[in-house]
Amino acid sequence: MNDRKILVAGLDCAPPEIVFDRRDEFPVLKGLMERGRYGKLRSSDPPITIPAWMVMATGMDPGRLGLYGFRHRKGYSYKEMWIANSRAVREKKLWDYIGEAGGRSTLVSVPPSYPPYPVAGQLVSCFITPPGPGKETTYPAGLKQEIEDRFGPYIFDVVFRTEDRDQILREIRAMTEKRFEVMEWLIEAKPWDLFMFVEIGVDRMHHAFWKYMDRDHHLYEPGNPYENAILDYYRELDGRLGRLIARAGGDTVVLVVSDHGAKRMKGAFCVNEWLIDQGDLVVRKRPTEPTSIDDLDVDWSRTKAWAWGGYYARIFLNVEGREPRGIIPPEDYEKERDALSARLKAVRGPAGEAWETEVIKPQDHYEVLEGEYPDLMVYFDDLSWRSAGTLGHGTMFLAENDTGPDDAVHAKDGVYILHDPRGGRTGRADADILDIAPTVLDLKGLAVPGGMKGRILQGSS
């Protein structure tokens with residue numbers, strides 16, 4: 001392993017439409033682009049925070065990791081679930097390979113990193129850290145006290161699904177300011193070969209303020225007081241990133257990445273309401289007020305399918321011999337799944353407009369399938385419509401998210417910018433999130449394991 005230092009700056013949810021198209025407003029990011037290689041970064045499927053950051057860190061897709069979101073069904077239970085945390089990731093990460101080669105890493109809020117786990121170096125946990133005192137949030141454990149003695153309590157996340165936008169803005173700015181204060185100290189106080197952080201504030205700004213910025217958003221209001229909130233935040237972030245890069249040293253390789261992109265939310269589609277209308281989901285009493293699928297009185301003896309909501313829909317089939325009260329004969333599984341897929345792709349919007357809906361069969365999409373995967377993964381209208389897991393709203397199409405205010409959805413393309421001060425990797429070329437891990441290992445002079453599916457980013461292609 002060589003002695004090169006690599007700084008990986010994770011901007012959760014940052015899209016090319018802001019980072020690239022508005023580059024003149026962000027001198028630090030623009031300079032990195034002009035001197036390096038950059039392009040769109042195709043996210044994982046699904047393109048959501050968990051699993052995307054671990055796909056990036058391991059070079060393995062969600063099927064191999066067994067991570068398909070933040071929550072997962074427990075076995076074939078109808079209602080039991082488990083929540084992904086750091087213990088769910090069993091594959092080696094970049095910092096494990098660097099540690100085995102004798103190097104050290106500093107990791108700040110890279111999801112999922114709660115509970116904190118041993119690394120060759122130091123780690124601060126991420127946004128999934130539960131609120132409240134008395135929890136271990138760093139490795140080594142004593143690092144928590146070092147941080148708090150200098151900077152006060154570390155801020156892991158903010159409440160962003162609330163109507164109090166002033167409060168959200170204050171808290172996001174405070175969180176980001178605190179994180180960079182801590183990182184500016186860590187980058188000089190602790191030895192490292194790899195320094196990687198994720199700023200979740202970018203994601204929170206998009207979800208809380210996108211409709212105020214985007215004139216095409218159906219909830220946009222001209223002249224609103226938050227019109228520039230997102231871009232102002234990016235400008236502040238650009239300056240903070242510049243100061244961190246300066247502290248990292250002139251020969252440090254800088255890699256700016258996002259786990260996925262963002263775009264306006266057109267609304268939320270009540271997929272379970274649709275399944276009831278289709279006859280796939282049978283309930284004894286249809287709700288007349290917003291109700292979670294978990295609280296429905298489902299007649300499982302006549303139900304073929306039900307769904308979980310989120311930025312994408314997870315659809316589960318009720319298979320005989322697999323689910324506790326399954327009714328689809330195993331020999332009819334593919335026939336039923338194909339028929340449901342075709343109907344899902346044919347769903348149209350509230351005005352009868354055609355949607356670009358993608359339906360993924362996990363068995364066809366991933367080479368290896370671990371964990372509790374759904375039977376179908378659905379991106380309604382290319383993810384522009386969120387999947388609402390609740391029902392009883394009196395309509396199948398909601399103007400907003402069903403679990404609290406949310407202006408944006410995830411997009412498949414994030415960003416990457418790779419600046420090597422020694423040159424050699426320049427030009428614009430799109431890449432895949434799986435390419436990041438082998439590229440970092442290559443920059444460190446380490447062999448790329450055979451299990452990594454990505455390619456090393458070289459010059460423009």
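The values are calculated or read from the model by the stated rules, or taken from the named source; none is laboratory data. Predicted model only: the values in this text are computed from it and were never measured. Cβ: placed from backbone, ideal geometry, glycine included. Neighbour counts: every protein chain shown. The protein model used for the area step is the full one, side chains on, heavy atoms only, and it has no ligands, DNA or RNA in it. Shrake-Rupley method; radii C 1.70, N 1.55, O 1.52, S 1.80 Å.
Using the structure shown, select from Lys74/Lys304; Lys30/Lys211; Lys304/Lys361 the pairs with a Cα to Cα distance greater than 23 angstrom. If you can, show how the numbers build up before the last one.
Values: Lys74/Lys304 19 Å; Lys30/Lys211 26 Å; Lys304/Lys361 17 Å.
The pairs that break the limit, which is 23 Å between Cα atoms, are Lys30/Lys211.
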(message) Going by average Cβ density within 10 Å per residue, which order do the peptides 112-120, 310-318 take, highest to lowest?
(response) 310-318, 112-120
(request) Assign one of three labels to segment 318-461, namely rounded, prolate or oblate, based on the Cα gyration tensor with a ≥ b ≥ c the square roots of its eigenvalues; rounded applies when a/c is under 1.5, prolate when it is not and a/b is larger than b/c, and oblate otherwise. (result) oblate
(request) Can you tell me the relative contact order of segment 304-422? Whole percent, Cα pairs under 8 Å, sequence separation 6 or more. (result) 27 percent
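Contact order normalised by length for segment 376-461, with contacts defined as Cα pairs under 8 Å and 6 or more residues apart; what percent is it?
With pairs under 8 Å counted, the relative contact order is 23 percent.
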(message) Suppose the chain between Gln278 and Asp364 were pulled fully straight at 0.36 nm per residue; how much longer would it get relative to their current alpha carbon spacing?
(response) 28.4 nm
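Using a ≥ b ≥ c from the Cα gyration tensor of segment 389-456 (square roots of the eigenvalues), is it rounded, prolate or oblate, where a/c under 1.5 gives rounded and otherwise the larger of a/b and b/c decides, a/b for prolate? Display every interim value, and only then the final one.
Values: a/c = 4.46, a/b = 2.68, b/c = 1.67.
Here segment 389-456 falls in the prolate category.
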(message) Please list, in order, the residues from segment 301-321 whose amide nitrogen is less than 19 Å from a point placed 7 Å along the Cα→Cβ vector of Tyr78.
(response) 301-309, 314-321
(message) Taking 8 Å as the Cα distance limit and 6 or more residues as the minimum spacing, I'd like the relative contact order of segment 158-302 as a percentage.
(response) 18 percent
(message) What whole-number distance in Å separates the alpha-carbon centres of segment 16-53 and segment 177-246?
(response) 13 Å
(message) Over the chain, with the other protein chains present, what is the accessible area per residue in square angstrom, probe 1.4 angstrom?
(response) 38 Å²
(request) For the chain, give the percent of accessible area contributed by carbon and sulfur heavy atoms, probe 1.4 Å, rounded to a whole number. (result) 47 percent
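Please sort 82-92, 296-306 by packing, taking for each peptide the average over its residues of neighbouring beta carbons within 10 angstrom, highest first.
Sorting 82-92, 296-306 by mean packing, highest first, produces 296-306, 82-92.
For Lys335 and Arg35, FRET efficiency with R0 = 41 Å and r from the beta-carbon atoms, rounded to 0.05?
Numbers: r = 55 Å, r/R0 = 1.35.
Plugging the Cβ-Cβ distance into 1/(1 + (r/R0)^6) gives 0.15.
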(message) Test of understanding: extend the Cα→C-beta vector of Arg428 to 7 Å, then name every residue of segment 1-34 with backbone N under 20 Å from that spot.
(response) 14-34
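Check each of the GluC sites (Glu not before Pro) in segment 359-405 and keep only those in coil by DSSP with at most 14 other C-beta atoms within 10 angstrom; list them in order. Numbers along the way, then the final one.
On the way: sites: Glu367, Glu370, Glu372, Glu400; in loops: Glu367, Glu370, Glu372, Glu400.
Answer by residue number: Glu367.
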(message) So, R0 is 45 Å and r is the distance between the beta-carbons of Arg87 and Tyr220; what FRET efficiency does that work out to, to 0.05?
(response) 0.60
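Determine the percent antiparallel among the DSSP beta bridges restricted to the chain, to the nearest 5. Intermediate results must be reported in sequence, preceding the final value.
Details: 35 of 63 bridges.
Here the share of antiparallel DSSP bridges comes out near 55 percent.
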(message) From the helices alone, meaning DSSP H stretches of at least four residues, give me the mean residue ellipticity at 222 nm for the chain, per-run term -39500 (n - 2.57), in deg cm²/dmol to the nearest 500.
(response) -8500 deg cm²/dmol
(request) Return the distance in nm (one decimal) between the two label points of a simple spin-label model at Arg71 and Ala141, each offset 7 Å from Cα along Cα→Cβ. (result) 3.2 nm
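Please report Rg over Rh for segment 210-366, where both radii come from the alpha carbon positions and Rh follows the Kirkwood definition. Mind showing how you got there, number by number?
On the way: Rg = 22.6 Å, Rh = 20.0 Å.
When Rh is taken as the Kirkwood radius, the ratio is 1.13.
Under the Kirkwood approximation for Rh and a Cα-based Rg, what ratio Rg/Rh is obtained for segment 1-134?
Values: Rg = 17.1 Å, Rh = 17.0 Å.
Looking at segment 1-134, the ratio lands at 1.01.
In debye, nearest 20: dipole of the chain around its Cα centre with unit charges on the Cβ of K, R (+) and D, E (-)?
It comes to approximately 840 debye.
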(message) Among Ser384, Phe316, Ile417, which residue has its Cα furthest toward the positive end of the charge dipole of the chain, with +1 on Lys/Arg Cβ and -1 on Asp/Glu Cβ?
(response) Ile417
